[in-house]
Amino acid sequence: MNDPLDAAPASTAQRLDGVLDALQLTASATQRAQLLAYLDLLQRWNRVYNLTAIRDPRQMLDLHVADCLALLPGITERASHRLLDVGSGGGLPGLVLAIMRPGMHVVLNDAVRKKCAFMQQAAAELRLTRVEVVHARVEQLRLPAFDCITSRAFSDLATLIRLTSHLLAEEGCWAAMKGVTPQPELEALPPTIDATVQPLTVPGVDAQRCVVWMTRHRTQ
């Protein structure tokens, strides 16, 4: 049986190196192999489980993996030790972040069983020992608090806050990945939430991307 971390096609590996260089990210040989193996797993499982509408391997690298890698500096800056990825689907951004931050405990959550099955298998094959997959509706989860909660295609901002507030540590933050700045969603946030929009530049993607960082308002 082939090792899932065996070498990927040279063209894909070179493109990944270009993405890492453009984002000024350092990755070990193991992390590079894990990212490439994750791409391969996503492509193979997608044929049966329909994890993403994107089928082309190059587009998967650009629109999924590179997109999630662009979030990494912000996550690193906030020194997250426990991260919850809500509506993780195919493991985006949670699995990518777990690969790049192997010391971080990452919980991947989705309400769709087949997506959780994929993420469980991927975490095992990629040897991500600090990744946990939880199949449940997020509002029903009862877990120790997280210092960061991420989402990529889960809901509008206000719904994300409403459904996950019980899971976020008092000093924690939300990181909601979006395309263009979601101004109507920002205006719908409760006054108890402070939000900052950070534009993201994603190599190979000619479209606006951003992450909305949100925290509970702190009185001075």
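Among the residues of the range 98-113, are any in a strand (DSSP E or B), touching a residue at least 40 places away in the same chain (Cβ under 8 Å) and more than 10 Å from the chain's Cα centre (by Cα)?
No, that holds for no residue.
When residues in the range 124-162 are screened for being part of a loop (DSSP other than H, G, I, E, B), among the small types (G, A, S), under 22 Å from W213 (Cα atoms) and out of contact with any Lys or Arg (no Cβ under 8 Å at 6 or more places or on another chain), 2 of them pass.
Residue check: is L157 out of contact with any Cys (no Cβ under 7 Å at 6 or more places or on another chain), farther than 18 Å from L63 by Cα, crowded, with 17+ Cβ neighbours inside 10 Å and free of Cβ contacts under 8 Å to residues at least 60 places away in the same chain?
Answer is yes for this residue.
Before we move on, is E170 over 18 Å from the mean Cα position of the chain (by Cα), without any contact (Cβ under 8 Å) to a residue 24 or more places away in the chain and more than 28 Å from L35 (Cα to Cα)?
no
If you go through the range 10-33 and keep only what is loosely packed, with under 13 Cβ neighbours inside 10 Å and on the phi < 0 side of the Ramachandran plot, you end up with A10, S11, Q14, D17, D21, T26, S28, A29. As a summary of the residue check, A136 satisfies the conditions (1) small (G, A, S); (2) modelled with pLDDT of 95 or more; (3) within 12 Å of Y38 (Cα to Cα) except for the one numbered (3).
The values are calculated or read from the model by the stated rules, or taken from the named source; none is laboratory data. Just so it is clear, the model here is predicted, and its values are computed rather than measured. So basically every Cβ, Gly included, is an ideal-geometry build from the backbone, and we count neighbours across all protein chains shown.
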